[in-house]
Every structure is written in C-alpha cells, then in structure tokens.
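The values are calculated or read from the model by the stated rules, or taken from the named source; none is laboratory data. Keep in mind the model is a prediction, meaning the values are calculated, not measured. Reconstructed Cβ throughout: ideal geometry from the backbone, glycine too, with neighbour counts over all protein chains shown.
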Amino acid sequence: MNESKVTRILAAMEEQHLPQMIVSDPAAVFYLTGKWIHPGERMLALYLNVNGSHKLILNRLFPQEKDLGVELVWYNDTEDAVELLSRYTEKDKPLGIDKTWPARFLLRLQELNGASAYLNGSTIIDDVRRIKDAEEQQLMREASLANDKIMEQLIPLTGKGFTEKELDQKVRELYAASGHSDVSFPPITAYGKSGADPHHATDSTLGKRGDSVVLDIGGIRNNYCSDMTRTVFLGEVSEKARKVYEIVREAQQRGIDAARPGARMCDVDNACRSYITEKGYGEFFTHRTGHSIGIEDHETGDVSSVNQSIIQPGQVFSIEPGIYLQEEGIGVRIEDLVLITEDGCEVLNHYPKDLIVVPMDSDSIEK
C-alpha cells in the first residue's frame with residue numbers, strides 16, 4: 001500500500017479514537033493500494049487497524065498479480081465472506097464503516113457481534129483524500145492540460161451542424177484518441193435552451209445562429225479526472241447574451257481570487273454569487289459554485305454557501321458559476337479547476353475565456 005497515505009489515515013483514526021475501520025469504496029481502495037477492484041455484488045473489504053494488522057479480503061474471482069503491500073485474505077462464492085472478516089475485527093472495540101459498504105454486509109457483521117459499535121469512517125478517508133500530495137497534484141495538472149486540448153478541438157465542431165448527441169459522440173472520440181481511459185462524466189453539449197438547463201440531458205437538438213453552447217467536459221487520464229466548462233456562441237451573439245457572459249466571467253474570476261488557504265469554501269461561493277446577485281441575476285444562478293475532484297469527478301467537499309470548512313493547500317476543486325435564462329434560451333457557465341497553493345491558487349485550465357463566436361457552416365434548424 002501507499003505508506004504515506006496509509007500513515008495519514010491511521011493518524012486520523014487515532015485522533016478520532018477509532019482503532020479499526022473497513023474501507024470498501026473501490027476508489028478509496030485504489031487510493032491506498034494503487035489497484036482498482038470492482039467487485040460487483042461480492043464483498044470487498046480493506047480492514048485497517050491502528051496496530052498494523054491490515055487485511056484485504058476479496059473474492060478469488062479477482063486474482064492479484066502484484067504485491068499490494070497488504071495481506072490478502074481470499075474467499076470463494078460458497079463461503080460467508082462477512083464471517084471470514086469477523087475473525088479479524090476486534091469485537092470489544094468500535095469499528096469504522098465507509099459509506100459505500102452495502103447494508104447486507106453490515107447487518108451480517110452486526111449479527112456476528114463484529115465490533116462494540118459501528119461508526120461512519122468515511123469522513124476520515126474523505127478528509128485525507130481531499131489534500132492531494134505532490135504526485136497527485138502533478139497528475140491533476142496533466143489531466144487538465146490534456147482537457148484544454150480536447151476543448152480546443154471541440155469548440156470548432158459546434159458550428160458544423162451536429163446534434164447534441166452527435167457532438168457528445170465526437171467528445172468521446174476525442175478522449176479515446178488522446179489516450180484517456182474514459183470520460184469523467186457524461187459530457188454536456190447543450191445548445192440554446194438546452195444550455196439554459198444546468199444539467200441538461202443530451203438529446204437530438206440542433207444548434208442555430210445566436211445560440212449559446214455550453215460545453216462541460218472531462219476525461220480520466222492516469223486515473224485522475226479533469227473537468228472544465230466553456231460557453232461559446234454560434235454565428236453571432238446578442239447584446240443580452242454578451243452581457244450575461246461577461247458577468248459570469250467576472251464572477252468566476254472573483255471566485256478564483258477568493259480561493260486561498262485560510263478562507264472558507266463558502267467564501268468562494270459568496271465571491272461568485274454576490275457579484276451575480278449584484279448584477280440582478282442571483283435567482284438564475286441555481287447551483288453550488290463547485291465541487292472537489294481527484295480520482296473521482298465529484299469528491300467530498302463542495303464549494304457552496306453552507307460549507308464553512310477551511311481551505312487548505314493541496315485541495316483541488318472547481319469554480320463554475322453560471323446564469324441560466326430559460327425563457328430567453330441563454331445559458332452561460334464557465335468552469336476551471338484550481339489547486340490551492342501555500343499563498344493562493346493555481347488555475348489548472350489554460351484554455352482562454354474570452355467570448356468566442358464560432359463560425360457556422362450553415363444555419364441549422366432546431367428540431
């Protein structure tokens with residue numbers, strides 16, 4: 001296992017007086033072991049103990065060719081995996097359980113009196129994962145730079161007469177061709193009124209002259225996620241749309257300026273939201289300002305008005321304010337990822353945010 005990460009987890013467990021814990025989330029298991037294991041309905045349990053007697057309990061259907069740095073305990077489909085796990089837990093001490101462990105396993109462990117109490121241990125893992133080490137920071141930089149290149153190739157395609165679904169497929173092809181293992185999330189490629197829906201489900205809509213186009217995309221590269229949004233316009237841009245765009249752009253910059261150690265996550269949200277409200281569009285900024293990101297596109301720790309947690313160096317999160325005017329069919333969102341440094345933040349995306357009007361091959365008629 002990654003000794004540095006495991007040490008941080010064990011230290012946090014001791015601070016919270018939690019002597020033992022079960023980690024079952026495949027992303028968290030990867031974080032600690034460097035190995036993705038997707039067990040389906042079968043039990044996967046990384047048992048951690050502050051005394052060092054760690055075990056990884058997994059089904060024989062998932063053979064491991066390399067040394068994962070932890071003792072492997074195998075079971076097959078005819079064995080009671082939870083009973084096997086219970087042989088290692090300390091029955092007279094509390095046990096941390098992570099948020100993804102299925103209830104059928106937890107209930108069985110309770111029947112077996114596997115611990116004196118069962119506590120939510122996910123906050124320990126999540127808090128440690130929130131602070132990226134130097135290697136993770138570099139992987140996030142590389143993932144975002146690669147995403148910039150995808151955006152550069154994607155934007156000209158918006159004027160080629162593709163439907164949203166066709167544009168979605170083009171995005172996926174660009175990621176595959178550039179060595180990404182997958183997209184971080186289903187891409188959002190939304191024209192006009194579709195873009196005025198913050199989480200529009202891609203459909204067969206065609207873009208038309210004057211439409212805003214919201215492009216929210218990300219890919220998985222070397223197991224780490226990227227995520228960025230740019231909004232462009234087809235053929236021309238109305239004065240109203242231009243005004244909205246510049247408000248969002250300024251709001252996003254204010255959020256970036258507020259992202260620094262010692263500030264709170266809610267301060268970043270407020271920096272964006274208060275400016276948009278000042279300009280008269282507060283009710284049309286309908287979502288939180290951002291989310292943490294790393295191995296997964298959405299990790300614990302959002303940039304919202306209610307999150308008062310203190311920002312620390314090593315955090316990576318998105319800043320993505322937006323304005324959505326459904327009746328006028330104008331949707332604008334601008335998103336970058338930021339890495340918190342010792343004295344501020346490093347913006348990981350470098351694709352320009354100047355307003356772009358994309359030439360159209362020919363006007364399309366919205367279906």
**Report entry** Residue that is farthest from the chain's Cα centre (by Cα), among those in the range 259-306 that are aromatic (F, W, Y) and farther than 20 Å from G344 by Cβ
**Finding:** Y281
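Please work out if I295 is β-branched (V, I, T) and within 22 Å of S274 (Cα to Cα). Reasoning before the result, please.
Working: β-branched (V, I, T): yes; within 22 Å of S274 (Cα to Cα): no.
No, not satisfied.
Quick grid of which residues meet (1) of a type in the set (A, V, I, L, M); (2) in a loop (DSSP other than H, G, I, E, B); (3) farther than 13 Å from Q253 by Cα:
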| site | (1), (2), (3) |
| --- | --- |
| D269 | no, no, no |
| Y324 | no, no, yes |
| L337 | yes, no, no |
| D343 | no, yes, yes |
| E346 | no, no, no |
Report summary line: Selection over the range 131-176 where residues are in contact (Cβ under 8 Å) with a residue 60 or more places away in the chain and not hydroxyl-bearing (S, T, Y) yields a count of 23
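Is it the case that the range 4-14 has a residue that's touching a residue at least 40 places away in the same chain (Cβ under 8 Å) and surrounded by fewer than 14 Cβ atoms within 10 Å (Cβ to Cβ)?
From the range 4-14, those touching a residue at least 40 places away in the same chain (Cβ under 8 Å) are 4-6, 8-10, 12-13; that's our starting set.
Those still in the list that are surrounded by fewer than 14 Cβ atoms within 10 Å (Cβ to Cβ) too: 4.
So far as the range 4-14 goes, yes, one or more of its residues are touching a residue at least 40 places away in the same chain (Cβ under 8 Å) and surrounded by fewer than 14 Cβ atoms within 10 Å (Cβ to Cβ).
Picking from L46, L68, L85, L32, which residue would you name as being touching a Lys or Arg at 6+ places or on another chain (Cβ under 9 Å), more than 30 Å from Q137 (Cβ to Cβ), of a type in the set (A, V, I, L, M) and in the same structural domain as F105 (by TED's automatic domain parsing)?
Just a single option satisfies the conditions, and that option is L85.
Is it the case that the range 122-145 has a residue that's small (G, A, S), surrounded by fewer than 14 Cβ atoms within 10 Å (Cβ to Cβ) and modelled with pLDDT of 95 or more?
As a first pass, look at the range 122-145 and keep what is small (G, A, S): 122, 134, 143-144.
With the extra rule that they be surrounded by fewer than 14 Cβ atoms within 10 Å (Cβ to Cβ), the set shrinks to 134.
Okay, now just the ones that are also modelled with pLDDT of 95 or more, so 134.
Looking for residues that are small (G, A, S), surrounded by fewer than 14 Cβ atoms within 10 Å (Cβ to Cβ) and modelled with pLDDT of 95 or more, one finds at least one in the range 122-145, hence yes.
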Query raised in the report: Hey, among the residues in the range 28-40 that are under 21 Å from V50 (Cα atoms) and touching a residue at least 60 places away in the same chain (Cβ under 8 Å), which one's surrounded by the fewest Cβ atoms within 10 Å (Cβ to Cβ)?
Result: F30
**Report entry** Breaking point among (1) outside any helix (DSSP H, G or I); (2) at pLDDT 95 or above; (3) within 27 Å of V357 (Cα to Cα), for P261
**Finding:** (3)
Query raised in the report: Inside the range 110-129, can you point out the residues that are among the aliphatic types (A, V, I, L, M) and part of a helix (DSSP H, G or I)?
Result: I124, I125, V128
Query raised in the report: So is R230 surrounded by 20 or more Cβ atoms within 10 Å (Cβ to Cβ), charged (D, E, K, R) and outside any helix (DSSP H, G or I) or not?
Result: yes
**Report entry** Conditions (1) of a type outside the set (D, E, K, R); (2) crowded, with 16+ Cβ neighbours inside 10 Å; (3) free of Cβ contacts under 8 Å to residues at least 40 places away in the same chain; number of the one not met by N51
**Finding:** (2)
Query - Selection count where residues are closer than 25 Å to A146 by Cβ, surrounded by 14 or more Cβ atoms within 10 Å (Cβ to Cβ) and of a type in the set (D, E, K, R), scope the range 306-365 - result: 6
Query - Matching option when the condition is at negative phi, touching a helix residue (DSSP H, G or I) at 6+ places or on another chain (Cβ under 7 Å), surrounded by fewer than 24 Cβ atoms within 10 Å (Cβ to Cβ) and among the small types (G, A, S), among S212, S194 - result: S194
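Going through E173, E250, E239, E246 one at a time, which residue ends up being in contact with a helix residue (DSSP H, G or I) (Cβ under 7 Å, 6 or more places away or on another chain) and at pLDDT 95 or above?
On the way: E173 fails: in contact with a helix residue (DSSP H, G or I) (Cβ under 7 Å, 6 or more places away or on another chain); E239 fails: in contact with a helix residue (DSSP H, G or I) (Cβ under 7 Å, 6 or more places away or on another chain); E246 fails: in contact with a helix residue (DSSP H, G or I) (Cβ under 7 Å, 6 or more places away or on another chain).
Only one candidate qualifies: E250.
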